[in-house]
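The values are calculated or read from the model by the stated rules, or taken from the named source; none is laboratory data. All values reported here derive from a predicted model rather than from experimental measurement. Cβ atoms come from the backbone with ideal geometry, glycine included; neighbour counts cover every protein chain shown.
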There are 2 protein chains.
Amino acid sequence: MSVVPEQPDHPDQSDPSLRLLWRHRTASPEEPKSKRGPKQKVSLDEVVDAAIDLADAEGLPAVTMRAIAQRFGLGAMTLYSYVPNRDALLVLMADQATGRAVLPELPEDPRKRLELVARLQYDELRAHPWLLEVQDVRPWLGPNMSDRYEWQLQAVDGLGLSDLEMDQTVAVLMGFAGNIVRSEQMLRRAEKVTGMTEAEWWAANYDTLSEVMAGSHYPLANRVGTAAGEAYQAATDPARELDYGLARIIDGVLAHVAEGSPD
Amino acid sequence: MSVVPEQPDHPDQSDPSLRLLWRHRTASPEEPKSKRGPKQKVSLDEVVDAAIDLADAEGLPAVTMRAIAQRFGLGAMTLYSYVPNRDALLVLMADQATGRAVLPELPEDPRKRLELVARLQYDELRAHPWLLEVQDVRPWLGPNMSDRYEWQLQAVDGLGLSDLEMDQTVAVLMGFAGNIVRSEQMLRRAEKVTGMTEAEWWAANYDTLSEVMAGSHYPLANRVGTAAGEAYQAATDPARELDYGLARIIDGVLAHVAEGSPD
DNA sequence: TTCAATTTCGTACGCTGTACGAAGATGTCA
DNA sequence: TGACATCTTCGTACAGCGTACGAAATTGAA
């Protein structure tokens, strides 16, 4: 009950990223701190946007403090008056990127609702694949992430799921969408590193593969691999995997609610 | 048809990691290269094992060339006579770690088969969480990964799925297991970074959160979050998520094969 | 006008992967 | 046996990373 909000022997345990995440919605917008000192030349939003654009264009490893600062003609250390460290910046990027998507109205049909949740996530992750690599602490607590989560829960609300099941269903759909994008990323990365297309790589390594695998037999893997290679000219096709897996998962969820309360 | 296997203007396009991966199963075991020169003081397997142990204990970032070399009293650069670069080592680690698991016999019941595939992957990733971060090019082509894949295909064989669907079903199960482990990792990482348990963090940030979220309302998220917080003392519980999601996915797959061939 | 607060940022440190080249060890061949 | 080719070992060095530190510049308030 002290007037002093922070005591030396009982330091503020609250996460510093939290206030940063919610800087636009806090009642007292932007704690004034003090009016003195030079104004910041660019806004934090601009910094985060630049970092997002950089990550979109060149991947997360290209998002270095020096590279971001250079975009504004600033020194690298200047960024540390905006953000405590790089990880905090990644959290802000994740939430801000999430805020760019518009959340469409949810259709009536339950199947279409669930599908929309997964496909929106899929599209977003394709636009910002680096989001998959931001595995930082609690980025989901930002304002845009929270809006998203609320919207996702609306999609699974009223189906007959328990509260816990609603959360878990959303998690399954989100995770599944992420995995598809990860597959795509893997292929793209492989093509970049090797400088060959998928088909070219298999052609270039066919001899080595058959020599090396001569002592082992993989009847099923061979059959399935051949089928896949004929269907599309690669080992896997993430787009079809999306359709198939999504259908199975939604089937399973809807079957579950149907059996739980048979009308 | 040249006797010379490699020509200067048509360099070997085959992936150098491939032969390294299959070094134990190749017909001509260990290309002799030439008998001259000192013997290597440790074997490649030992190096890879040490790297795996290091990753298990301290995480993938701790797996530096210098750290691995130090375990054997070697200089960092010495490792480059074993492996072309760090990424290649990660690929070897992934396959070798996969080889440590024993693949149990598959049960008769289709549901139990699919569950076993997912739970084996889950257990393995919990033992080696860094496997989730090894996103390198085609590590799945190693001998142990190939064995695993063949085994996984056996689990979904005979259910009535097409070849493509078999592959996709395995992918969905594997990806799902990975996502659960990722959730667990996220929690563990958060607790390590903040130095608080999940419950402590929520307590420490309760005031900030309610202040900051004052201007927004999340009726569903609040309800679901409260339910989750009461059920277990954290925001999520990966273990239950595993049971729930796995049941739904398997339901969906089995319903799919049932409808495809009634009887 | 003075001063405290704030932003800016040059320098430096420890860490990373790894290129380069020297030094040492070993087997083969004359 | 001596000479040599081939291999392993590894010290040094470099570029790039996040960021700690502290000085300089800038601004509003007193």
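Looking only at the range A:212-247, count every residue that is over 25 Å from the mean Cα position of the chain (by Cα) and facing chain B (nearest Cβ under 7 Å) and tell me the total.
Adding up the residues that qualify gives 12.
Within the range A:101-134, how many residues turn out to be over 21 Å from A:N179 (Cα atoms) and either free of Cβ contacts under 8 Å to residues at least 12 places away in the same chain or of a type in the set (D, E) (or both)?
First pass over the range A:101-134, keeping only residues over 21 Å from A:N179 (Cα atoms): A:102-110.
The next check asks that each one be either free of Cβ contacts under 8 Å to residues at least 12 places away in the same chain or of a type in the set (D, E) (or both); those that pass are A:102, A:105, A:107-109.
Qualifying residue count for the region: 5.
Return yes when B:M196 is part of a loop (DSSP other than H, G, I, E, B), at the interface with chain A (Cβ under 8 Å from one of its Cβ atoms) and within 30 Å of B:Q121 (Cα to Cα) and no when it is not.
It is true that B:M196 is part of a loop (DSSP other than H, G, I, E, B), at the interface with chain A (Cβ under 8 Å from one of its Cβ atoms) and within 30 Å of B:Q121 (Cα to Cα).
Return yes when A:V170 is more than 8 Å from chain B (Cβ to nearest Cβ) and surrounded by 21 or more Cβ atoms within 10 Å (Cβ to Cβ) and no when it is not.
Details: more than 8 Å from chain B (Cβ to nearest Cβ): yes; surrounded by 21 or more Cβ atoms within 10 Å (Cβ to Cβ): yes.
Against the criterion (more than 8 Å from chain B (Cβ to nearest Cβ) and surrounded by 21 or more Cβ atoms within 10 Å (Cβ to Cβ)), A:V170 qualifies.
In the range A:69-118, which residues are away from chain B (no Cβ under 14 Å), within 16 Å of DNA strand D (Cβ to nearest atom) and part of a loop (DSSP other than H, G, I, E, B)?
If the condition is that a residue be away from chain B (no Cβ under 14 Å), within 16 Å of DNA strand D (Cβ to nearest atom) and part of a loop (DSSP other than H, G, I, E, B), then A:F72, A:G73, A:L74, A:G75, A:Y82, A:V83 are the ones that fit.
So for the range A:28-42 (the condition being under 16 Å from A:P143 (Cβ atoms), at pLDDT below 85 and either within 16 Å of DNA strand D (Cβ to nearest atom) or assigned to a helix (DSSP H, G or I) (or both)), does at least one residue qualify?
Taking the range A:28-42 and keeping what is under 16 Å from A:P143 (Cβ atoms), we get A:28-30.
After this cut, where a residue has to be at pLDDT below 85 as well, the list is A:28-30.
Filter once more, so that each one left must be either within 16 Å of DNA strand D (Cβ to nearest atom) or assigned to a helix (DSSP H, G or I) (or both): A:30.
There is at least one residue in the range A:28-42 that is under 16 Å from A:P143 (Cβ atoms), at pLDDT below 85 and either within 16 Å of DNA strand D (Cβ to nearest atom) or assigned to a helix (DSSP H, G or I) (or both).
Here are A:A94, A:A57: which of them is modelled with pLDDT of 95 or more, more than 15 Å from DNA strand C (Cβ to nearest atom) and closer than 28 Å to B:E191 by Cα?
On the way: A:A57 fails: closer than 28 Å to B:E191 by Cα.
Just a single option satisfies the conditions, and that option is A:A94.
Would you mind telling me which numbered condition in (1) of a type in the set (S, T, N, Q); (2) buried (at least 16 other Cβ atoms within 10 Å of the Cβ); (3) closer than 29 Å to B:L246 by Cβ A:S162 fails?
(2)
I'd like to know if the range A:56-65 contains one or more residues that are within 14 Å of chain B (Cβ to nearest Cβ), within 12 Å of DNA strand D (Cβ to nearest atom), among the small types (G, A, S) and outside any helix (DSSP H, G or I). Can you show your working first?
Step one: list which residues in the range A:56-65 are within 14 Å of chain B (Cβ to nearest Cβ), which gives A:59-61.
Narrowing the set further to residues that are within 12 Å of DNA strand D (Cβ to nearest atom) leaves A:59-61.
Still in the list and also among the small types (G, A, S): A:59.
So of that shortlist, the ones also outside any helix (DSSP H, G or I) come out as A:59.
Among the residues of the range A:56-65, at least one is within 14 Å of chain B (Cβ to nearest Cβ), within 12 Å of DNA strand D (Cβ to nearest atom), among the small types (G, A, S) and outside any helix (DSSP H, G or I), which makes the answer yes.
Is it true that some residue in the range A:220-231 is at pLDDT below 90 and among the hydroxyl-bearing types (S, T, Y)?
yes
Mind checking which residues of the range A:211-240 are in contact with a Ser or Thr (Cβ under 7 Å, 6 or more places away or on another chain) and either closer than 20 Å to B:E259 by Cβ or not in a loop (DSSP other than H, G, I, E, B) (or both)?
Across the range A:211-240, the qualifying residues are A:V212, A:A221, A:A228, A:P238.
What single numbered condition from (1) in contact (Cβ under 8 Å) with a residue 24 or more places away in the chain; (2) within 12 Å of DNA strand D (Cβ to nearest atom); (3) part of a loop (DSSP other than H, G, I, E, B) fails to hold for B:V47?
Condition not satisfied by B:V47: (3).
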